[in-house]
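Inspection log for the structure reproduced underneath, given as structure tokens.
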Amino acid sequence: MDMDKRIHLELRNRTPSDVKELVLDNCRSIEGKIKGLTDEFEELEFLSTINVGLTSIANLPKLNKLKKKKLENLKSLDLFNCEVTNLNDYRENVFKLLPQVTYLDGYDRDNKEAPDSDVEGYVEDDDEEDDGGGGNPRANGPATSL
């Protein structure tokens, strides 16, 4: 289901200004952009967009009441296979934006591997025909550890 349709369903006969919480998880964004979310959602306090395929937040309207979640307990963040990792200075910028994060993608600021990183012990399977669930344990997308 695309994002426009999902937003319409989530309204449930309410006006956008009556919506305080909007969960758009697992719907598809068109061209990686937010579509259907407008300035009319002026009372929106919570927005969830997990697994929607966003590559840009350029169309995100100004949502003054949207509350920022404080993540002071976030110590390890894994963005493996996320497009954001292709940006210049990605690691430096993430550590700057989230100073409480100790490990990013299994490595600290000095590129030292985390002692309990799931990268440790990973052995690449040379037998490409055997797809018995082996492979990269991080291939399922971003993960966080609190």
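Every number here is computed from the coordinates shown, using simple stated rules; none is lab data. Computed from a prediction, not measured in an experiment: that's the story for all the values here. A quick note on method: Cβ atoms are made from the backbone with ideal geometry, for glycine too, and the neighbour counts reach across all protein chains shown.
Give me Asp110, Asp105 ranked fewest to most by other Cβ atoms within 10 Å of their Cβ, as a rough exposure proxy. Mind dumping the intermediate values first?
On the way: Asp110 5, Asp105 20.
Going from least to most buried by this count: Asp110, Asp105.
How compact is the stretch 1-69 by the rule of thumb for globular proteins, expressed as Cα Rg over 2.2 N^0.38 Å? Provide the component values of the computation, followed by the final result.
Details: Rg = 11.1 Å, N = 69, 2.2 N^0.38 = 11.0 Å.
The value comes to 1.01.
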